[in-house]
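Written below as structure tokens is the structure these notes are about.
The values are calculated or read from the model by the stated rules, or taken from the named source; none is laboratory data. In this text the structure is predicted, and so the values were computed from the model without any measurement. Cβ atoms come from the backbone with ideal geometry, glycine included; neighbour counts cover every protein chain shown. With ligands, DNA and RNA removed, areas are computed over all heavy atoms of the protein, side chains included. Shrake-Rupley method; radii C 1.70, N 1.55, O 1.52, S 1.80 Å.
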Amino acid sequence: MKSFLSWTIIFISTLLAGCASTFTSQVSVFHEWPGNKQATSYIVERSPSQENNPEYKLYEEELRQQLGLHGFQEITAGVTPALKIGMQYGTSLGEIQVSAPWAPAMYDPFWQMHFSRGYRFSPYSPYYFGSPYYMSRNLDFSVRRYYLHQLEINISDFQSGKKLADIKVSTEQLNQQISEQMPYLIESALQGFPGINGSTRTVELPLKK
């Protein structure tokens, strides 16, 4: 029993902490990006709630910098852009629970914006050779609280409004401040753009010191 509990605590701590020198996120990409598309001029499209939001404007500037590194060019006055780009972000609170000493179960609220996942083993697993009464006891306990930070970037054709790319990024962190995560979320979203349509991958970036 003690060995199982010790193993579980070590496993969960490692899962959450990860490598201290990298930022890890999950990136999902859906796009209809033309293979020969050359026009990359754009404007950033804001929602009414973003228009007078200083926090959003700070992240928008980070987005501009990353778009420039990928060949996108923000338009000058009097020029019609080829693209319009929008951005949404948010943070939700979650917990990691353990349903049995050897079977961690993770539940992601995922802000109804991204994929969700969960891992659970049945308390009556045929691979467990213990007492059913022992297995039926409530062994759930909260191990550590984490924060789910998410970002969505949409790229559309300016003239027709057709959506060309939808990129969703999420990361689980112990730090609740999304402001510290946004530069990494934006960089992760655009890494390898446009990427494989319908794919979800793990992206790791070195932490900036």
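Using the Cβ atoms and a cut-off under 10 Å, what net charge is assigned to the surroundings of Phe30, where Lys and Arg are +1 and Asp and Glu are -1? Summing Lys and Arg as +1 and Asp and Glu as -1 gives 0.
Straightening the chain between Arg144 and Glu51 buys 29.9 nm, computed as 0.36 nm per residue apart minus the Cα-Cα spacing. The phi torsions of the range 70-85, fed into the Karplus equation with coefficients 6.51, -1.76 and 1.60 and a -60° offset, translate into couplings of 9, x, 7, 10, 6, 6, 9, 4, x, 10, 7, x, 8, 10, 10, 10 Hz, rounded to whole numbers, with Gly and Pro shown as x. Only lysines eight or more places from Lys37 in sequence, or on another chain, were considered; those with a Cα closer than 23 Å are Lys84, Lys162, Lys163, Lys168. Basic side chains Lys and Arg get +1 at the Cβ, acidic Asp and Glu get -1 at the Cβ, and with that the dipole of the range 153-209 about its Cα centre reaches some 80 debye. Residue order by solvent-accessible surface for Tyr146, Tyr89 is Tyr89, Tyr146, largest first, with ligands and nucleic acids left out and a 1.4 Å probe.
Label zone (Thr80, point 7 Å along Cα-to-C-beta; backbone nitrogen cut-off 17 Å) within the range 142-175: 156-162.
Distance between the modelled labels on Lys208 and Leu93, one decimal in nanometres: 2.9 nm (7 Å Cα→Cβ projection).
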